[in-house]
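Novice: Sending over a structure as structure tokens; questions will come in a sec.
The values are calculated or read from the model by the stated rules, or taken from the named source; none is laboratory data. None of the values given here were measured: they were computed from a predicted structure. Ideal geometry is used to build each Cβ from the backbone, glycine not excepted, and the neighbour counts take in all protein chains shown. Quick note on the areas: whole protein, heavy atoms, side chains included, nothing else; ligands and nucleic acids left out. Shrake-Rupley method; radii C 1.70, N 1.55, O 1.52, S 1.80 Å.
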Amino acid sequence: MKLIRRIAVSLVLIFVVSSITFFLVRLMPGNPYSVMYHKLVMQGMTPLQAEDQVKGIMNAMPNEPVFVQYIQWLTQLVHGNLGTSIEETGVPVTELIFNALPWTLVTVSIGLFVSFLIGIVLGVISASRRDTWVSSVIDNVGSIAHAIPVYVTAVALLYLFNVVWHVFPSSGAYGIMETPGLNWPFLASFAYHIVLPEGTYILAGFGSWELAMKSTTIMVMNDDFMMAARIRGLTRQRIMNYLGWNSILPLFTLFMLSLGTMFGGSVFIESTYAFPGIGNLLATAVTTRDYPVMEGCFMLTTATIIFANVLADFLYAVLDPRITM
Amino acid sequence: MRYFGQDNLYDMSYDQQRRLFWEKVAMVFQAAQNTLNPLLRIRQQILDIAQDHDIDFQQAMNSAKQLCEIMYLDSERVLNAYPHELSGGMKQRVSIALALLLNPSLVVLDEPTTALDVISQASVLRILNDVRKSHNLSLIFITHDISVISEIVDRIIVMYAGRIVETGPVRDVILHPRHPYTQGLLASIPPLRGNLSRTRALRGQPADLLHLPHGCAFHERCPRAFSRCRQEAPRLLTDDHGQTGVACHLYASDSGENVL
């Protein structure tokens, strides 16, 4: 019952946020038509020719008030239709998103899981060697890696491993010769292409997990029940088990939330590596002021964050006996 | 540190140590509320102890149920509960029950009643007293409250600044305290009836363990200190059987000989 109410509230939230973004994207300077118009003028057309061309491609120069557009958008939305792209004229937004989503989903989840895992392990090591150089090296590397903006890390990796030392490809998700699907050549090519993007996700992500894990581990280590477990003569393995579960639990909510925010982080990483995912789709849509595509991407990000939140609440109640929904 | 003539605890490996812990020596902590793993049901925590000490699950559950009964706990409810679902007094009794699970011969109790209200305090003390007789075990009761333990213990060891200052059977120490610190402790207990103004506190502050005063650690607060107390730390002088003893210059001759 509570689940149904939470989902209903979430749907309302997604609707509200999407409506706000509907108006926000139209507040940005410029619009799809002027973007295309200026591009054509730059290519050497006369202003009149360019205007004709734009009218020809877009088939119309919409001049309805924003509010009427909003009503049209709502009517479409009720029918499950997110509209069609302006830039890639006529292609439905849902098609664009579903083509891009799998790439992002796979890379983001690999990146998140690996950086979480690395962070947890390093955090426990750093906590158990608290007063040694090991801990300060781990903590400093972690916080510096976390502090450097992702786009700097992405460009740095690209420069090092593609320009200086050409070992990894600079763009794309797979080799031009492969056909996407469950075949070995494609999977190998995919793995080869995602090394740098994943490296960026992991470098940018593991530091915060490491620091958070370190602090919760130290907190739990000092808890009375850890000393009691030792005095009870429990095996080392079981004591580590007690320590691990109690320290990871507080990170769980953070983990679920970052599932959603990683879509946001993917904008910089995917556009740097020209990776055909949601982030790249959104970045391109923003530069061409492709309103429907932008709205679709924002809606997806909003929905992921909100539903990850609901899921985190429910799973937390399952995992931690002290919490009930 | 040795346990009943066995090897030094500090020289043992982790596994040797953990065998001794809880099977021979168990402990009840001051803040028993926090000594249970918050994520596991009491039943699971009992099973964890049983498994790590190679005890049959069924046997462990049976003795746990018995112990719950002794502790006046509803075993069905308590064993299936998470720690946060129990009250402070219940958790304290659960942790005492856990301490007795493997039939240890020695239980160390570190102020087991301070976190409890007076009623629970009394019932926990009564239970401890019964259990000690029925299970034939020794208790080491660490507390600052002499009045609480005088009902339960056989012998009292009074410590000040980390050293033993007086030891003896409970009757002797309570009725005829010899060390000025013990006298002060007893005088500071408010009487149940009569004039409260007769209650006196020791003057001064507890000794700073980083800067212990020269000589007897207690001399700055001692109403009966004399010159020797400032120069020389007293040794613990015991009677022939080692049953009673006191570390105070008031009871020693100049040669340090036993004058008891």
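Novice: Simple spin-label model, 7 Å along Cα-to-Cβ: B:Arg19 to A:His38 in nm?
Specialist: 8.1
Novice: Here's a follow-up. What is the percent of Cα-Cα separations in chain B that go past 33 Å?
Specialist: Value for chain B: 34 percent of Cα pairs lie more than 33 Å apart.
Novice: Then there's this: Run down the aspartates and glutamates and flag those whose C-alpha is under 19 Å from the C-alpha of B:Lys24, throwing out any fewer than 8 positions away in its chain.
Specialist: B:Asp7, B:Asp11, B:Asp15, B:Asp48, B:Asp52, B:Asp54, B:Asp56, B:Asp110
Novice: Can you tell me the FRET efficiency between A:Ile20 and A:Arg129 if r is taken as the Cβ-Cβ distance and R0 is 51 Å, rounded to the nearest 0.05?
Specialist: After rounding to 0.05, the efficiency reads 0.60.
Novice: Further question: Enter the accessible area of B:Tyr72 (Å², nearest 10), with the probe set to 1.4 Å and all protein chains included.
Specialist: Around 140 Å² of this residue is reachable by solvent.
Novice: If you rank A:Arg238, B:Arg43 by how much accessible surface each has, with a 1.4 Å probe, what is the order from largest down?
Specialist: Descending accessible area places them as B:Arg43, A:Arg238.
Novice: Over all directions, average the projected area of the Cα convex hull of the stretch A:93-319 and note it in nm².
Specialist: The Cα convex hull of the stretch A:93-319, projected and averaged over all directions, gives 15.4 nm².
Novice: Continuing with this model, one more query. If the viscosity is 0.890 mPa s and the temperature 25 °C, what Stokes-Einstein diffusion coefficient in µm²/s follows for the stretch A:2-78 when Rh is the Kirkwood radius over Cα pairs?
Specialist: 162
Novice: Go ahead and run the numbers for FRET between A:Met240 and B:His135, Cβ-Cβ distance against an R0 of 22 Å, rounding to 0.05.
Specialist: 0.10
Novice: How about A:Lys39: which lysines have a C-alpha closer than 18 Å to its C-alpha, ignoring those fewer than 8 places off in the same chain?
Specialist: Once the sequence-local lysines are set aside, what remains near A:Lys39 is A:Lys55.
Novice: For the stretch A:39-46, take each phi angle, set θ = phi - 60°, evaluate the Karplus expression 6.51 cos²θ - 1.76 cosθ + 1.60, and give the result in whole Hz per residue in order, putting x for glycine and proline.
Specialist: 4, 5, 4, 4, 6, x, 7, 6
Novice: A further question follows. At what distance in nm do the modelled label points of B:Gln243 and A:Met221 sit from each other, each positioned 7 Å from its Cα along Cα→Cβ?
Specialist: The answer from the label model is 4.9 nm.
Novice: If you don't mind, another one. Mind listing the long-range amide H neighbours of B:Leu237? Cut-off is under 5 Å, sequence gap 5 or more, other chains count too, H placed in the peptide plane at 1.01 Å from N.
Specialist: Under 5 Å from the amide H of B:Leu237 lie the amide H atoms of B:Val246, B:Ala247, B:Cys248, each far enough along the sequence or on another chain.
Novice: Let me ask another. Accessible area per residue, 1.4 Å probe, Å², for the stretch B:1-101: what's the number?
Specialist: 47
Novice: As a check on your grasp of the helix formula, calculate [θ] at 222 nm for chain B: sum -39500 (n - 2.57) over DSSP H runs of n ≥ 4, divide by the residue count, round to the nearest 500.
Specialist: Dividing the helical sum by the residues of chain B leaves -10000 deg cm²/dmol.
Novice: Return the equivalent ellipsoid semi-axes of the protein assembly as shown as a descending list in whole Å, where each equals the square root of 5 times an eigenvalue of the C-alpha gyration tensor.
Specialist: Sorted largest first and rounded, they come to 73, 27, 24 Å.
Novice: Once amide H atoms are built 1.01 Å from N in the peptide plane, which residues 5 or more positions from B:Ile156, or in another chain, come under 5 Å H to H?
Specialist: Answer set, sorted by chain and number: B:Gly168, B:Val170.
Novice: Moving on. Taking θ = phi - 60°, what integer Hz values does the Karplus form 6.51 cos²θ - 1.76 cosθ + 1.60 yield along the stretch A:292-301, in sequence order, with x for Gly and Pro?
Specialist: With coefficients 6.51, -1.76 and 1.60, one gets x, 5, 4, 4, x, 5, 5, 4, 4, 4 Hz.
Novice: If you don't mind, there's one more thing I want to ask. Can you list residues from other chains, or at least 5 along the same chain, whose modelled amide H is less than 5 Å from the amide H of B:Phe141?
Specialist: Those qualifying (amide H under 5 Å, at least 5 residues apart or on another chain) are B:Leu109.
Novice: B:Ala187 to A:Val152: FRET efficiency via 1/(1 + (r/R0)^6), r the Cβ-Cβ distance, R0 45 Å, to the nearest 0.05?
Specialist: It comes to 0.05.
Novice: I'd like the Karplus ³J(HN,Hα) series for the stretch A:151-165: coefficients 6.51, -1.76, 1.60, θ = phi - 60°, whole numbers in Hz, and an x wherever there's a Gly or Pro.
Specialist: 5, 5, 4, 4, 5, 4, 4, 4, 5, 5, 9, 10, 8, 5, 10
Novice: Principal axis lengths of the stretch B:1-156 from Cα atoms, whole Å, largest first?
Specialist: Largest to smallest, the principal-axis extents are 42, 38, 26 Å.
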